[in-house]
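Note sheet for the following structure.
Bear in mind these aren't lab numbers, they're just calculated from the coordinates by the rules spelled out. Bear in mind that the values here come from a model prediction, so they are computed numbers and not experimental data. In this analysis, Cβ positions are derived from the backbone assuming ideal geometry, glycine residues included, and neighbour counts consider all displayed protein chains.
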Amino acid sequence: MMSSVNPQRKLQLVADSSQHFELFVAFATDDQEHINQHFGTCKALSIYGVDRHQASVAEVVQFSQLASGHDQGKLQARYDALHDCAAVYCNAIGPSAIAQLVSQGVQPLKVAAGHAIQQAITELQMQLTEEPKGWLGKALRRGTSQHHQSKALTDLLDESW
């Protein structure tokens, strides 16, 4: 049986009902300003909603200190925190974590230590204004597909029986 490590603290901001983001991305950070952590041992994940013109913090999940080692159970809280995310930016990540994230549709992205979160968001927004390719194009298509499926289900439920 795998043990699950729950996050120590979780701050979730109430979304403005008029605000719709194209995707959510997470950043492994210890200061909420820089991408400066290994995914498996990060102190926190800052999750942002992002679209072409705006970005804002949607959630911050802080994790308790973990014992050292490669116990996959300790990563479960991190995987769970990324359930709505298209990508996670970090400084390093192990191969089994990469496989797990990719299997749940989250693209791990390795960047240099100290890369500013705001800079990564700006770079992502520039890609959104162009024809997104690779993981970003797939994430946007997946999000659009889920939106259309959700709308179709809502329309079906609204029909008189």
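Say each of residue 92 and residue 31 gets a label point 7 Å from the Cα, pointing the same way as Cα to Cβ; how far apart are those two points in nm?
Placing both labels 7 Å along Cα→Cβ, they lie 1.9 nm apart.
Quick one: if the Förster radius is 22 Å, what FRET efficiency do residue 76 and residue 43 give, using the C-beta to C-beta distance and rounding to 0.05?
The formula returns an efficiency of 0.85 here.
With 10 angstrom as the radius, rank 38, 53 by how many other C-beta atoms surround their C-beta, starting from the fewest. All intermediate terms of the calculation are to be shown ahead of the outcome.
Numbers: 38 15, 53 9.
So the ranking, lowest neighbour count to highest, is 53, 38.
Would you order 85, 90 from fewest to most other beta-carbon atoms within 10 Å of each residue's own beta-carbon?
By the 10 Å Cβ count, ascending: 85, 90.
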